[in-house]
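Written below as structure tokens is the structure these notes are about.
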Amino acid sequence: MNEDSPQTPVASSTLPAVRCLSFDVEEYFHIEAGYGRVKRESWDQWPSRVEGAMDRLLAVLDRHGVKATFFVLGDVARRCPRLVPHVADLGHEIASHGFNHDRLHRLTPETFKVDLRASMDLLEQQSGRPVLGYRAPTWSVTRRTSWAVDVLIEEGLRYDASIFPVRHPAYGV
């Protein structure tokens, strides 16, 4: 701020905490590029890398006193049952990334609700806290899948972090 600025400084202690850092928690074989190449039935045969990566990431965040939102895939919570409680105990928010990393284009409102509910139930059970937020796999809330927002509202979610403001062949609004 310089002398010509008409703004009055605001004490940082009067501002609410804002979490503007978020991470999708998924395995390397869950990504869209693996769809059709890595069969879902074989996921349990692939070695997990997420816990080691999360340990390193959580250490960096802790060192800097930063809290974040973690959009956790239900399959990761199932495979790594100590991960979600640990992240939540460190004061980070746990939100849903769905259960099976299916792009919404491959789901119907009914199958999306089943996937979402399975994810939310497991994350809430493991974290001991309500799940308030959601991020669709591969940013797949688009104009074509905007029906998903209605499902999120019906399921009691408070926010969605899925809409990517860009023009792209696979995602974006």
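A few notes on this one:
- Residue check for His168: under 25 Å from Arg37 (Cα atoms) and touching a residue at least 60 places away in the same chain (Cβ under 8 Å): no
- Number of the condition not met by Asp62 [criteria: (1) outside any strand (DSSP E or B); (2) under 25 Å from Lys39 (Cα atoms); (3) in contact (Cβ under 8 Å) with a residue 12 or more places away in the chain; (4) not hydroxyl-bearing (Ser, Thr, Tyr)]: (2)
- Within the range 55-82, the residues that satisfy the criterion of being under 17 Å from Tyr28 (Cα atoms), touching a helix residue (DSSP H, G or I) at 6+ places or on another chain (Cβ under 8 Å) and surrounded by fewer than 22 Cβ atoms within 10 Å (Cβ to Cβ) are Arg78, Arg79, Cys80.
- Residue ID - nearest to Leu90 (Cα to Cα), chosen from residues in the range 132-155 that are hydroxyl-bearing (Ser, Thr, Tyr) and in contact (Cβ under 8 Å) with a residue 40 or more places away in the chain: Tyr134
- Taking (1) more than 26 Å from Gly91 (Cβ to Cβ); (2) of a type in the set (Phe, Trp, Tyr); (3) not in a helix (DSSP H, G or I) in turn, Phe23 satisfies each apart from (1).
- Residue-level analysis places Arg129 among those that are surrounded by fewer than 16 Cβ atoms within 10 Å (Cβ to Cβ), among the charged types (D, E, K, R), in contact (Cβ under 8 Å) with a residue 40 or more places away in the chain and under 20 Å from Leu83 (Cα atoms).
- Note on the range 115-151: residues that are within 17 Å of the chain's Cα centre (by Cα) and either in a helix (DSSP H, G or I) or among the charged types (D, E, K, R) (or both) amount to 21.
- Looking only at the range 73-112, and only at residues there that are within 14 Å of Phe23 (Cα to Cα) and assigned to a loop (DSSP other than H, G, I, E, B), the one that is farthest from the chain's Cα centre (by Cα): His92
- Scanning the range 41-54 for residues that are modelled with pLDDT of 75 or more and surrounded by fewer than 17 Cβ atoms within 10 Å (Cβ to Cβ) turns up Glu41, Asp44, Gln45, Trp46, Pro47, Ser48, Arg49, Glu51, Gly52, Ala53.
- Residue satisfying all of: in the range 153-173; hydrophobic (A, V, I, L, M, F, W, C) and surrounded by 11 or more Cβ atoms within 10 Å (Cβ to Cβ); nearest to Phe71 (Cα to Cα) among these: Ala161
The values are calculated or read from the model by the stated rules, or taken from the named source; none is laboratory data. Owing to the predicted nature of the structure, the values given are computational and were not obtained by experimental measurement. Reconstructed Cβ throughout: ideal geometry from the backbone, glycine too, with neighbour counts over all protein chains shown.
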